[in-house]
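FYI, it's all coordinate maths here, none of it is from the lab. Remember, it's a predicted structure, so these values are computed and weren't measured experimentally. Virtual Cβ from ideal backbone geometry, glycine too; neighbours counted across all protein chains shown.
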């Protein structure tokens, strides 16, 4: 069973998954509001394509539309992104631990290089191995 919060979170991540939609949100970040034509101007896609992207962003609650006369203004709504950030923060420790291990490995690598014996050429020694099992073999 899908809960409301899960469906809303899925909509947010689906909306943010597309680079054009992220670029639209980035354009709105520094503006109070933009008309649809002003928002669509720098993109090399048709106005109907931009409208479809705006519909996805609107369905996810990431933008609001306000019509004044014939002009529709688009505003950024950042609140739903905070819900996505809360969800991501629950899993932050997984990548933080991996990055910490990688940093420790990289910091230790120069020390290991200076203390190791010089490597022999691969032609003179059969024991020399490539750094990665899938790495291309030297001719």
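Worth a mention:
- The label point for residue 35 and the one for residue 100, both projected 7 Å from the Cα toward the Cβ, are 5.3 nm apart.
- The fewest-to-most ranking of 53, 93 by surrounding Cβ atoms within 10 Å reads 93, 53.
- Computed over the range 4-83: relative contact order in percent, which uses C-alpha pairs under 8 Å that are six or more apart: 34 percent
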